[in-house]
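Report on the following structure.
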Amino acid sequence: MSFEIDVQNESGYLIHVPRLQAASRQVLSQHDVDPNTSLSVVFVDNDYIQNLNRQFREVDAPTDVLSFPADAPPVELDDEPPYIGDLVIAYPYASAQAAREGHALDDSLSLLVVHGTLHLLGYDHDTPENRAEMWTAQDEALTALGISTAIVPSLEEAKHDE
């Protein structure tokens, strides 16, 4: 599979790019996704994500991850792979969240990439049925990545929405 996962980290946060790319690739490989599909993962600060959250969700607070799906069907440009969207992760927020919950930061960031990639593929957790379906797919990916699924409930309870 040749999924193109572009990780943008202009602030130089300490992240393990290959591991995050693997997290997204795991989700994409579990679904019937064109192997040339691409997406971006962008790391930002809390102020930046708070502005996005306010603008797009009318929530005036920072959050850990926001997903911005491309128009459906995936955007296809000449000689470019199908593009499914962007994940925006607030590194300071995610780092503090991992420390507070006692989880390894790399595991928490991988969870956010898995979670966000599922959103790009159309999953949501707005109803109990949708949540069950999303959590099943999320658990499959985390297990395949060697990350305990126990990381999920504490993070989700702490934020209640995404």
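Nothing in this text is a laboratory measurement; each read-out follows from the coordinates by a stated rule. Please read these numbers as outputs of a predicted model, since none were measured by experiment. Positions of Cβ are generated from backbone atoms using ideal geometry, with glycine treated the same way; all protein chains shown enter the neighbour counts.
Amide H contacts under 5 Å for Gly85: Ser40, Ala70, restricted to partners 5 or more places along the chain or on a different chain, H placed in the peptide plane at 1.01 Å from N.
Once the piece of chain linking Asp47 and Asp139 is laid out straight, how much longer is it, given 0.36 nm per residue of separation minus the C-alpha distance between them? Intermediate results must be reported in sequence, preceding the final value.
Values: separation 92, 0.36 × 92 = 33.12 nm, distance 3.02 nm.
Extending this stretch completely gives an extra 30.1 nm.
Shown for Glu10, Glu140: other C-beta atoms within 10 Å of each C-beta, ranked fewest to most, produce the order Glu10, Glu140. From the largest down, the chain spans 43, 31, 30 angstrom on the principal axes of its Cα atoms. Working note: Karplus 6.51/-1.76/1.60 with θ = phi - 60° gives the stretch 40-55 the couplings 10, 10, 10, 9, 9, 8, 5, 4, 4, 6, 4, 4, 5, 4, 5, 5 Hz, where Gly and Pro are set to x.
Set the Förster radius R0 to 41 Å, insert the Cβ-Cβ distance between Ser95 and Ser2 as r into 1/(1 + (r/R0)^6), and round the FRET efficiency to 0.05. Numbers along the way, then the final one.
Numbers: r = 31 Å, r/R0 = 0.75.
The pair Ser95/Ser2 has a calculated efficiency of 0.85.
Which net charge results for the neighbourhood of Pro69, defined as the other residues with beta-carbon distances under 12 angstrom from its beta-carbon, given Lys and Arg at +1 and Asp and Glu at -1?
On the way: positive: none; negative: Asp71, Asp86, Asp124.
Residues close to Pro69 contribute a combined charge of -3.
Of all DSSP beta bridges in the chain, what percent run antiparallel (nearest 5)? Of all bridge pairs located within the chain, approximately 35 percent are antiparallel.
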